[in-house]
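Following: one structure in structure tokens, then a few remarks.
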Amino acid sequence: MKEHDTHVTRAWVLHPDLKGDRDRRDADMALEEAVALAAALPDLEVVGATVVPLRDPQPGTLFGSGKVAELKSVLKEAEAELVLVDGPVTPVQQRNLEKEWGVKLLDRTGLILEIFSDRAATREGVLQVEMAALSYQRTRLVRAWTHLERQRGGLGFVGGPGETQIEADRRAIDDQLVRLRRQLDKVVKTRELHRKARAKVPFPIVALVGYTNAGKSTLFNRLTGAEVLAKDMLFATLDPTMRAVRLPTGLDVILSDTVGFISDLPTELVAAFRATLEEVLAADIICHVRDISHPATEEQAQDVATILRSLGVDRDVPMIEVWNKIDLLDPEEHDGAQARAAREEHIFATSALTGEGLDVLLEAVTEKLQGAAIEEDLRLGFSEGKRRAWLFEKGFVVSEQQDEDGYLLHLRWTVQDRSRFETV
């Protein structure tokens, strides 16, 4: 249960379409994504959305005076309480627009932070969100976030102690950041211990990554039977969920579901969630899940590739593309996607919803993982000298202990090596 009341906030989404921006995305699709982002917050009702063409951003109000006045009447008529601007807004612009329109205002970074605060489930996730929110707040120098006053729950923009004592606020924020960093260091060390313990589990790691809402959690649920939140909602997963699962091919793996990526993810958030994506860095294979039915699927794939590079994902880690949601394509596109997947060995056309194509995908994952190194313990009796000698000869033995029953060997080898050993 949330700690705040259940008042539903009426929100209006604006997407500033910057005419001079060479990298600008299709305005209608960008607005649709911003509305979907807003829908990821529980106590919010989007009552309207507008693309605002913008040639010259105004330093004081972002939009020109005529547009500010026009939007004021639109917002008043809709009884909007919150405006979400899908882009960066300076503290001065925010203050002036809030005053002029009589509403609260959040920019894209603020909105994503609110979603992150609402979704983060692990101790580490909560700490990272708080740190990102504080860093963001420090640049605003105004309006403290209510994240400081409660552990979790969205809509921190409601309330706040106002704009007084900016210097004192800055010092308080800096002190809080130092305290959170210390806590985070401890949490990360604990996670490292857990990860080292897991490294001894003889299962390779399969990480699902992809643009937000690509269907990763639905695929994860289908493969694991896990009750992971899988709503048609942006950022439905914010903490990696790990499950040991036996694939239909008989191979045991650890499957990791991760936070969805998004275009223009604010840099402080990439940094804040780097540790949350550590499982991706440790993966033996990465499955890049794409919503192949989305009109901007190519741009989304580029955004995912950019973020993976910024995270330092090793190019040597095998990556396969899972073209998900083919059930939403028309028959001609569906057949085209399947034909492309048949031609290119790293592409698999699937539907996590119907199960189509998953058997082929899992066979390919199994095949690629047969060569992934795993660690495990093996007990041999004194009579198995020949098998023990074979293991040493192949260089698979990391360490060995002897007791009255025989030998306990700690091995590093592949699934294929294990199969060969069984014939020795």
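The values are calculated or read from the model by the stated rules, or taken from the named source; none is laboratory data. Because the structure is predicted, anything quoted here is derived from the model rather than measured. Glycine also receives a Cβ, built like all others from the backbone with ideal geometry; neighbour counts cover every protein chain displayed.
Details
- Unique residue being of a type in the set (D, E, K, R), surrounded by 11 or more Cβ atoms within 10 Å (Cβ to Cβ), touching a residue at least 24 places away in the same chain (Cβ under 8 Å) and touching a Lys or Arg at 6+ places or on another chain (Cβ under 6 Å) when the list is 375, 363: 375
- Screening 35, 47 for residues that are more than 26 Å from the chain's Cα centre (by Cα) and at pLDDT 90 or above leaves exactly one candidate, 47.
- Only listed residue being assigned to a helix (DSSP H, G or I), within 16 Å of the chain's Cα centre (by Cα) and in contact (Cβ under 8 Å) with a residue 60 or more places away in the chain, chosen from 305, 301, 283: 301
- Of all residues in the range 400-422, one or more are in contact with a Leu (Cβ under 9 Å, 6 or more places away or on another chain), outside the structural domain of residue 285 (by TED's automatic domain parsing), outside any helix (DSSP H, G or I) and closer than 21 Å to residue 286 by Cβ.
- Residues in the range 308-331 that are acidic (Asp, Glu) and either touching a helix residue (DSSP H, G or I) at 6+ places or on another chain (Cβ under 7 Å) or in a helix (DSSP H, G or I) (or both): 327 alone.
- Scanning the range 111-125 for residues that are assigned to a helix (DSSP H, G or I) and either at pLDDT below 80 or surrounded by fewer than 20 Cβ atoms within 10 Å (Cβ to Cβ) (or both) returns 116, 117, 118, 119, 123, 124, 125.
- When residues in the range 391-413 are screened for being closer than 24 Å to residue 251 by Cα and either surrounded by fewer than 11 Cβ atoms within 10 Å (Cβ to Cβ) or out of contact with any Lys or Arg (no Cβ under 9 Å at 6 or more places or on another chain) (or both), 3 of them pass.
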